[in-house]
Amino acid sequence: MILYLIGFMGSGKSTTGTRLASKLGWEFIDLDTEIENKTGLTISQIFSEKGEEFFRSLETELLHELGNRKDLVISCGGGTPCFNNNMDYMNSRGHTIYLKLQARALTDRLIKSSANRPLIKGLSEKELQEYIEAALHNREPYYNMSKSIIKGLSLDLSQLIDHLKSEGLYNPL
Ligand code: S3P
């Protein structure tokens, strides 16, 4: 089984993914980190030197490379579900989980860590809030295709694991 964590930037996909994989005893892969390791470039460098379209093709290529793996938690980038039919692909290979947060909560989180995120770098708090509201509006139709939708704010890991058990996605011996 592959579990895909999806959601907006700042929704806690990487942190939750690391903790979840360690609890399940599964492997964890962060798509952005994997892309950085593979290319030897940071996400910001890829965006500025090669462009977003190139980044999106790397994302999709990597998703497909990982599609036959077992016992794996993947944390996606915030835009992964919204390009190249990735949402359909992920739903066909495993179980997608949307970590859902409101725009205000995302702004509070992202204001502290916008510098290394090319899409929101240099925005004021007001611009950031507006960007997030508009982008969430465009992206939620994709995010909402997830098989599970989980409250991302103060997420309870044991509740998430109980949910996975009840869905038959995780059966500890
Ligand atoms: C992006 C989100 C980032 C990263 C890239 C583009 C997006 O990932 O993939 O900067 O389009 O929302 P995180 O959601 O892990 O920050």
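Could you please give the count of residues in region 102-128 that are in contact (Cβ under 8 Å) with a residue 60 or more places away in the chain, touching a Phe, Trp or Tyr at 6+ places or on another chain (Cβ under 7 Å) and assigned to a loop (DSSP other than H, G, I, E, B)? So the count comes out to 2. As a summary of the residue check, PHE55 satisfies the conditions (1) crowded, with 18+ Cβ neighbours inside 10 Å; (2) over 16 Å from the mean Cα position of the chain (by Cα); (3) of a type in the set (Phe, Trp, Tyr) except for the one numbered (2).
Out of LEU106, LEU72, I need the residue that is of a type in the set (A, V, I, L, M, F, W, C), over 19 Å from ILE149 (Cβ atoms) and either crowded, with 17+ Cβ neighbours inside 10 Å or modelled with pLDDT of 95 or more (or both). Which one? I'd like the intermediate steps shown before the answer.
Numbers: LEU106 fails: over 19 Å from ILE149 (Cβ atoms).
On inspection, the qualifying residue turns out to be LEU72.
Taken over region 129-154, residues that are modelled with pLDDT of 95 or more, under 18 Å from ARG109 (Cα atoms) and part of a loop (DSSP other than H, G, I, E, B) amount to 0. In this structure, does GLU49 turn out to be more than 9 Å from the ligand (Cβ to nearest atom), surrounded by 15 or more Cβ atoms within 10 Å (Cβ to Cβ) and of a type in the set (Asp, Glu)? So GLU49 does not fit the description; no. Going through (1) closer than 29 Å to LYS165 by Cβ; (2) within 15 Å of the ligand (Cβ to nearest atom); (3) surrounded by 15 or more Cβ atoms within 10 Å (Cβ to Cβ); (4) β-branched (Val, Ile, Thr) one by one, ILE2 falls short only on (2).
The values are calculated or read from the model by the stated rules, or taken from the named source; none is laboratory data. None of these values were measured; they are calculated from a predicted model. As a convention, Cβ positions derive from the backbone with ideal geometry for all residues, glycine included, and neighbour counts pool all protein chains shown.
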